1. By its C-alpha gyration tensor, with a ≥ b ≥ c as the square roots of the eigenvalues, how is region 122-225 shaped: rounded for a/c under 1.5, else prolate for a/b larger than b/c, else oblate?
2. Given H placed 1.01 Å from N in the peptide plane, which residues other than close sequence neighbours of residue 347 have an amide H under 5 Å from its amide H?
3. In what sequence, highest mean first, do 222-232, 196-206, 123-133 appear when ranked by Cβ atoms within 10 angstrom?
4. Please list 3J(HN,Hα) in residue order for region 73-90, calculated via the Karplus relation 6.51 cos²θ - 1.76 cosθ + 1.60 where θ = phi - 60°; whole Hz, with x for glycine and proline.
5. Convert each backbone phi in region 205-222 into a coupling constant with the Karplus relation 6.51 cos²θ - 1.76 cosθ + 1.60 (shift: θ = phi - 60°), then list the ³J(HN,Hα) values in order as whole Hz, x for Gly and Pro.
6. Go through 131, 20, 308 and say which Cα lies farthest out towards the positive end of the charge dipole of the chain; charges sit on Cβ, +1 for Lys and Arg, -1 for Asp and Glu.
7. Which value in Å is the Kirkwood Rh of region 84-143 over different Cα pairs?
8. Whole angstrom only: what separates the Cα centroid of region 63-77 from the Cα centroid of region 115-161?
Amino acid sequence: MITVSATIILVSVILIGLVFALTNGLHDASSVVATFINCGAASPKQAIAMASVFGLVGAVLGGNLVADAISELINLPTDTALLTIIFAAIFGATLWNLITWKLGLPSSSTHALIGGIIGAVIVSSGVDNIVWGWSQLIGENHEVTGIVKVIAALFLSPVIGFVIAFLLEKLSKLLLRNARISINRRINQLQWIIVAGLSYSHGSNDTQKIIGIFTLALAAWSGTAIEAAPLWVRGSGGLVMFMGTLLGGWSIMKTLGRGIFDIKPLHSLNSQLSSVTSILGATLVGAPVSTTHVVVGGIMGVGAGDEYKMVHWGIVKEILVAWCITIPLSAVVSALIYTITAIIFKVV
């Protein structure tokens, strides 16, 4: 067995975590601008640049509620043994992100991270050390917390996005039934404002997940609790997410912008409005959600609201399958990584 210092493991966690943030930018930021680009409201360079800037602002100014929710998912002492668990969790999530990005599947970075945490904790410390939240839910206060809170947010947010988008599409079609085609120019201009808000909400929610992991790793390394993430942690997560956005996940953009439904300017605007409402609402209550899933829900909603038969439901089924398998598969990958790491290395 090879002896490794806790500082090396901490550095490894931060480096892999930054790669995770990069892949998160590739995945979810691609979702933010997919309809914006494909309906002709902006060029890819314009859309990516704007999403990057506002996503970075959201990462720095987005608060700590989502980060706190992530760091409170496990019930383990904050000592050096926790570093190896965090390393395996983030490594497994990053591998899954890279695989799905390469395949062009709009998978969820949040699902991958939650799966990674579950797998690493179970194999290292047992099922009881995960804060599942079932006992709190059925208790006297009916508190929604732990994995229950995360899973509920992950699955409800795209449903909420779908419903809002569906209703917006029906309402806007009614109000604009006699409008001239020239109105698309105004709609495209309005999208710039909405996408800026959507990019901010993406940065404020998604970046907090990796910030929560970094804060937990720093606490495990130092042996003391950390109330709020240091500015350098927040800034570095935001900057790397910024870089991931700039690189762009073009295959994912194609799937979301054209694969599900033939997006027009009004469809794009309605899906964006539904997405930003759902994500900002989740951030305000400290619930980590998947930007990709919310955007997909919005696109499905406008498609169903406009012309149900024109939605490519086969593509939707593939995306749903990817959603369902992400948590268990990333959990298995992280469990294997932890097992191998624990056999080879001893952290001191």
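The values are calculated or read from the model by the stated rules, or taken from the named source; none is laboratory data. Just so it is clear, the model here is predicted, and its values are computed rather than measured. Cβ placement follows ideal geometry from the backbone for every residue including glycine, while neighbour counts extend to all protein chains displayed. Heavy atoms of the whole protein, side chains included, go into the accessibility calculation; ligands, DNA and RNA do not. Shrake-Rupley method; radii C 1.70, N 1.55, O 1.52, S 1.80 Å.
1. oblate
2. The list, which skips near neighbours in sequence, is 4.
3. Ranking, from highest mean packing down: 196-206, 123-133, 222-232.
4. 7, 10, 10, 9, x, 8, 10, 5, 5, 5, 4, 5, 5, 5, 4, 5, 4, 6
5. For region 205-222, the Karplus-derived couplings read 8, 5, 5, 4, 5, 6, 4, x, 5, 4, 5, 5, 5, 5, 5, 5, 5, 8 Hz, x marking Gly and Pro.
6. 308
7. 12.9 Å
8. Computed from Cα coordinates, the inter-centre distance equals 12 Å.
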